[in-house]
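Below: the structure, in structure tokens.
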Amino acid sequence: MLIAVLLAGEALALIMSLASNEAGARLIQFGLASLGIQWVSLATLCALYLLRRPLTRLSPHLLAWVCLALLLCMTLLVASAAWTVFGISMHPAEERASFVLRMLAIAIVVGFLTMLTYQNYWNARQLAVRAKQAELEALQARIRPHFLFNTLNTGAALVHQRPEEAERLLLDLSDLFRAALAGPREITLADELALVRRYLEIEGLRFGDRLRVEWQVPVALPALAVPALSIQPLVENAIRHGVEPVATGGDVHLQVAANGDWLEVTVANALPSAPVRPTTGHQVGLNAVRARIQAMTHGRGSVRTTTAEGRYTAVIRIPLTP
């Protein structure tokens with residue numbers, strides 16, 4: 001950012017010197033313009049840095065107007081100081097008021113051009129976020145149907161033989177789909193794990209003793225926000241690819257632990273010794289979860305997978321500090 005501001009300032013100084021009619025003094029004019037512009041630029045950046053905490057509470061558009069106001073204030077101060085202390089002016093016969101007003105006019109033009117560029121950037125960023133969200137929703141839509149069909153079939157099989165369990169299954173399914181239909185949002189880690197438990201209760205009714213789940217979760221969970229239905233797809237993939245294809249079933253291991261400044265959520269499952277049927281692997285759910293974690297943490301979080309010793313492991317890493 002500093003390099004970009006310095007180069008933009010030098011480009012503006014070059015334009016101002018080339019636009020002058022005094023060909024012999026263009027180098028001097030470039031030096032004076034460069035000195036003044038860099039002072040204004042660096043002073044504005046320093047002011048923004050010192051005011052960064054209160055400025056973070058402003059909306060992006062209001063923040064842009066505040067930046068423009070700071071730019072004009074710094075231009076006024078630098079222009080006045082240059083005239084008073086050093087007597088600097090690109091035109092020696094020019095009066096102080098005229099010189100200061102001319103510098104303010106240049107700053108206003110540059111500021112509005114910058115705001116126009118920022119507005120275009122902001123609109124492009126919003127469109128990119130919406131496109132990414134549409135992609136995530138499409139990925140999630142690909143994950144849910146088979147689970148819904150399997151759950152309804154399980155409920156239909158239980159409704160006459162074990163009606164109490166069928167009722168519990170439908171209530172758990174209602175909670176899961178209420179969270180899914182609420183749209184992309186952030187919930188607490190405890191709420192997300194509660195949704196995972198409801199999902200595992202549903203799958204437990206379906207698979208019975210074939211599904212073996214091991215939990216390693218601390219009693220006191222950190223007050224951390226995670227994307228809704230971000231852990232559940234990993235557990236769903238573990239069951240789909242590690243338990244469902246095997247006649248004897250399999251195990252799913254879920255662990256939550258703090259590792260330094262990071263929260264790590266590990267979901268592991270045993271892999272079948274030989275593929276029972278063609279499978280597309282874990283990638284659909286992983287792509288959705290990875291994109292949502294990276295979007296929430298601004299690229300700091302991650303979802304990593306490993307395959308070793310007949311086990312498939314997915315690890316979500318989220319920073320404990322914002």
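So for segment 223-235 (the condition being out of contact with any Pro (no Cβ under 8 Å at 6 or more places or on another chain) and within 17 Å of Arg168 (Cβ to Cβ)), does at least one residue qualify?
There is no residue in segment 223-235 that is out of contact with any Pro (no Cβ under 8 Å at 6 or more places or on another chain) and within 17 Å of Arg168 (Cβ to Cβ).
Answer yes or no: is there a residue in segment 299-318 that is modelled with pLDDT under 90, among the hydroxyl-bearing types (Ser, Thr, Tyr) and closer than 29 Å to Gly208 by Cβ.
no
Which of the residues spanning segment 284-312 are open to solvent by 30 Å² or more (accessible area, probe 1.4 Å) and hydroxyl-bearing (Ser, Thr, Tyr)?
Matches in segment 284-312: Thr305, Thr306, Thr307.
Which condition from (1) modelled with pLDDT of 80 or more; (2) open to solvent by 90 Å² or more (accessible area, probe 1.4 Å); (3) in a loop (DSSP other than H, G, I, E, B) is the one that Leu58 breaks?
(2)
Going by the conditions given, is Leu68 closer than 23 Å to Thr117 by Cβ, at pLDDT 75 or above and either open to solvent by less than 40 Å² (accessible area, probe 1.4 Å) or over 38 Å from the mean Cα position of the chain (by Cα) (or both)?
yes
Looking only at residues that are modelled with pLDDT of 85 or more and of a type in the set (D, E, K, R) in segment 241-282, which one is farthest from Leu200 (Cα to Cα)?
My answer is Asp261.
Restricting to segment 186-241, what's the tally of residues that are among the aromatic types (Phe, Trp, Tyr) and either buried (at least 21 other Cβ atoms within 10 Å of the Cβ) or out of contact with any strand residue (DSSP E or B) (no Cβ under 7 Å at 6 or more places or on another chain) (or both)?
Of the residues in segment 186-241, 2 are among the aromatic types (Phe, Trp, Tyr) and either buried (at least 21 other Cβ atoms within 10 Å of the Cβ) or out of contact with any strand residue (DSSP E or B) (no Cβ under 7 Å at 6 or more places or on another chain) (or both).
For the structure I just gave you, tell me whether Val5 is touching a Ser or Thr at 6+ places or on another chain (Cβ under 6 Å), modelled with pLDDT under 85 and surrounded by fewer than 17 Cβ atoms within 10 Å (Cβ to Cβ).
When the stated conditions are applied, Val5 passes them.
Cβ-Cβ below 7 Å, separation at least six or inter-chain, first residue in segment 26-42 and in contact (Cβ under 8 Å) with a residue 24 or more places away in the chain and under 17 Å from Ile106 (Cα atoms), second charged (D, E, K, R) and open to solvent by 30 Å² or more (accessible area, probe 1.4 Å): which pairs?
Ser34/Glu10
Residue check, Arg53 against (1) open to solvent by 40 Å² or more (accessible area, probe 1.4 Å); (2) closer than 17 Å to Met103 by Cβ, all met but one. Which one?
(2)
Is it the case that some residue within segment 170-178 is touching a residue at least 40 places away in the same chain (Cβ under 8 Å), farther than 25 Å from Arg300 by Cα and assigned to a strand (DSSP E or B)?
No: segment 170-178 contains no residue that is touching a residue at least 40 places away in the same chain (Cβ under 8 Å), farther than 25 Å from Arg300 by Cα and assigned to a strand (DSSP E or B).
What is the residue count in segment 95-128 for residues that are aromatic (Phe, Trp, Tyr) and open to solvent by 90 Å² or more (accessible area, probe 1.4 Å)?
Total meeting the criteria: 2.
With Val267, Val196 as the choices, which residue is part of a strand (DSSP E or B), within 30 Å of Arg130 (Cα to Cα) and not hydroxyl-bearing (Ser, Thr, Tyr)?
Val267
So Gln161 fits all but one of (1) surrounded by fewer than 16 Cβ atoms within 10 Å (Cβ to Cβ); (2) of a type in the set (S, T, N, Q); (3) closer than 20 Å to Asn287 by Cα; what number is the exception?
For Gln161, the failing item is (3).
Answer with yes or no whether Ala4 is under 34 Å from the mean Cα position of the chain (by Cα), in a helix (DSSP H, G or I), without any contact (Cβ under 8 Å) to a residue 60 or more places away in the chain and over 19 Å from Leu77 (Cα atoms).
yes
The values are calculated or read from the model by the stated rules, or taken from the named source; none is laboratory data. Computed from a prediction, not measured in an experiment: that's the story for all the values here. Ideal geometry is used to build each Cβ from the backbone, glycine not excepted, and the neighbour counts take in all protein chains shown. SASA here: full protein model, heavy atoms, side chains in, ligands and nucleic acids out. Shrake-Rupley method; radii C 1.70, N 1.55, O 1.52, S 1.80 Å.
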